[in-house]
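**Student:** Dumping the structure here so I can ask a few things about it.
Just so you know, all these numbers are worked out from the coordinates, no wet-lab data involved. None of these values were measured; they are calculated from a predicted model. As a convention, Cβ positions derive from the backbone with ideal geometry for all residues, glycine included, and neighbour counts pool all protein chains shown.
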Amino acid sequence: MPAPPIAMEKDPLTIDVPREFHRRMAAIIEAVQTGIWQAGVHDLLGYATDYAFGDKRGLQTLVLKSKHRSAYVRLQWETIMSDMVADRQLVDNAVKNAIHELT
């Protein structure tokens, strides 16, 4: 089911905005986990996050770790929450870079 396109337009104090943000971060983690597994690295990813809540909060950091390597996914809040093609491509590129770093 596609994400609601108005997630960023809603009041940041509603539960919908952080839920959508966490759903999108989880999708990034899942994509990287799948990518490294398909590349032959059969480690379970560990992760840590460093992010601020709300629109226009700047750089969001996701640290992904396998047994022997780590990768940082750094994206702007607006990029993560956007459904624009260019922003989705930035997320896809960040996922590919993380897979490359971890394999």
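**Student:** What does the charge add up to near residue 84, with Lys and Arg as +1, Asp and Glu as -1, over the other residues with Cβ less than 13 Å from its Cβ?
**Tutor:** Numbers: positive: 88; negative: 78, 83, 87, 92.
In short, -3.
**Student:** Then there is this: Can I get the semi-axes of the stretch 16-102's equivalent ellipsoid? Compute them from the C-alpha gyration tensor as square roots of 5 times the eigenvalues, in angstrom, largest first. Each step should come with its number before you reach the end.
**Tutor:** Working: eigenvalues 101, 35, 23 Å².
Semi-axes (√(5λ), whole Å): 22, 13, 11.
**Student:** Once the Cβ-Cβ distance between residue 100 and residue 16 is put in as r, and R0 is 41 Å, what FRET efficiency do you end up with, to the nearest 0.05?
**Tutor:** Working: r = 33 Å, r/R0 = 0.81.
Between residue 100 and residue 16 the formula returns 0.80.
**Student:** Still on this structure, please answer the following. Taking 8 Å as the Cα distance limit and 6 or more residues as the minimum spacing, I'd like the relative contact order of the stretch 34-94 as a percentage. Don't skip to the end; give the middle numbers.
**Tutor:** On the way: 77 pairs, mean separation 14.2, N = 61.
It rounds to 23 percent for the stretch 34-94.
**Student:** Based on the Cβ-Cβ distance of residue 86 and residue 23, what FRET efficiency does E = 1/(1 + (r/R0)^6) give at R0 = 22 Å, to the nearest 0.05? Intermediate values should be presented prior to the final figure.
**Tutor:** Values: r = 21 Å, r/R0 = 0.93.
The computed FRET efficiency comes out at 0.60.
**Student:** Based on the Cβ-Cβ distance of residue 37 and residue 59, what FRET efficiency does E = 1/(1 + (r/R0)^6) give at R0 = 25 Å, to the nearest 0.05?
**Tutor:** Numbers: r = 28 Å, r/R0 = 1.11.
E between residue 37 and residue 59, to the nearest 0.05, is 0.35.
**Student:** I've got another one for you. Can you tell me the length gained on complete extension of the stretch residue 67 to residue 30, counting 0.36 nm per residue apart and subtracting the Cα distance?
**Tutor:** Going from the current span to full extension adds 11.6 nm.
**Student:** Along the principal axes of its C-alpha atoms, what lengths does the stretch 46-97 span, in descending order and rounded to whole Å?
**Tutor:** 34, 23, 11
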